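Values quoted throughout were computed directly from the atomic coordinates according to the rules given, and no laboratory measurement underlies them. All of these numbers come straight from a predicted model, not from anything done at the bench. Methodologically, a virtual Cβ is constructed for each residue, glycine included, from the backbone with ideal geometry; neighbour enumeration extends over all protein chains shown.
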Amino acid sequence: HTVFVLNGPNLNMLGKREPGIYGGQTLEAIADDCRKLGAELGLEVDFRQTNHEGVLIDWIHEANDKAAAVLINPGAYGHTSIALHDALRAISVPSIELHLSNIHAREEFRHKTWTAPAVKGVICGFGADSYLLALRAATTLIK
Ligand code: DQA
């Protein structure tokens with residue numbers, strides 16, 4: 001099984017970007033950890049990042065044909081994008097939203113995501129471990 005791990009805007013800056021909030025790991029290091037855990041779980045991890053909303057939507061559609069599950073850290077588009085909500089609802093493979101930071105403990109404008117009602121569940125607040133926890137959750141969804 002293949003799992004798409006999709007990352008939205010500004011996540012390419014991890015490591016340099018507000019490390020007090022997002023941790024010191026780069027996105028590439030997180031991708032490596034996901035691939036390693038994926039191998040243990042028998043999952044192929046296709047890990048991607050884009051700063052463009054429409055590209056995320058194309059990848060979600062692509063997942064419908066190619067993936068058994070979608071993990072998405074939508075970044076700030078989670079808070080703004082009804083198009084992402086619609087795309088996640090349009091596919092028949094299960095999806096999980098994740099965030100490094102605990103969005104509920106931060107500014108009010110981060111408390112709501114449009115994507116949350118369109119996915120199976122949301123994991124946030126565990127730093128890079130949010131990705132690994134979501135990958136484990138995906139294994140259960142795929143079974
Ligand atoms: C984030 C949380 C969002 O509010 C923020 O816009 C991000 C990162 C996270 O992983 O904690 O870009 O998705």
**Fill in**
For the stretch 73-96, pairs from a residue that is in contact (Cβ under 8 Å) with a residue 24 or more places away in the chain and within 9 Å of the ligand (Cβ to nearest atom) to a residue that is aromatic (Phe, Trp, Tyr) and assigned to a helix (DSSP H, G or I), with Cβ under 8 Å and 6 or more apart or across chains, are ASN73/TYR131; HIS79/PHE109
**Item:** Test: ARG35 is of a type outside the set (Asp, Glu) and free of Cβ contacts under 8 Å to residues at least 24 places away in the same chain
**Value:** yes
**Count - residues of the stretch 58-75 that are surrounded by 15 or more Cβ atoms within 10 Å (Cβ to Cβ) and either at negative phi or assigned to a helix (DSSP H, G or I) (or both)** = 12
**Request:** Inspect all residues belonging to the stretch 113-134 and state whether any of them is assigned to a helix (DSSP H, G or I) and more than 24 Å from ARG17 (Cβ to Cβ).
**Result:** yes
**Request:** Please tell me if HIS104 is part of a helix (DSSP H, G or I), within 14 Å of the ligand (Cβ to nearest atom) and not basic (Lys, Arg).
**Result:** yes
**Prompt:** Does GLY54 satisfy being more than 12 Å from the ligand (Cβ to nearest atom), surrounded by fewer than 16 Cβ atoms within 10 Å (Cβ to Cβ), without any contact (Cβ under 8 Å) to a residue 60 or more places away in the chain and on the phi > 0 side of the Ramachandran plot?
**Reply:** no
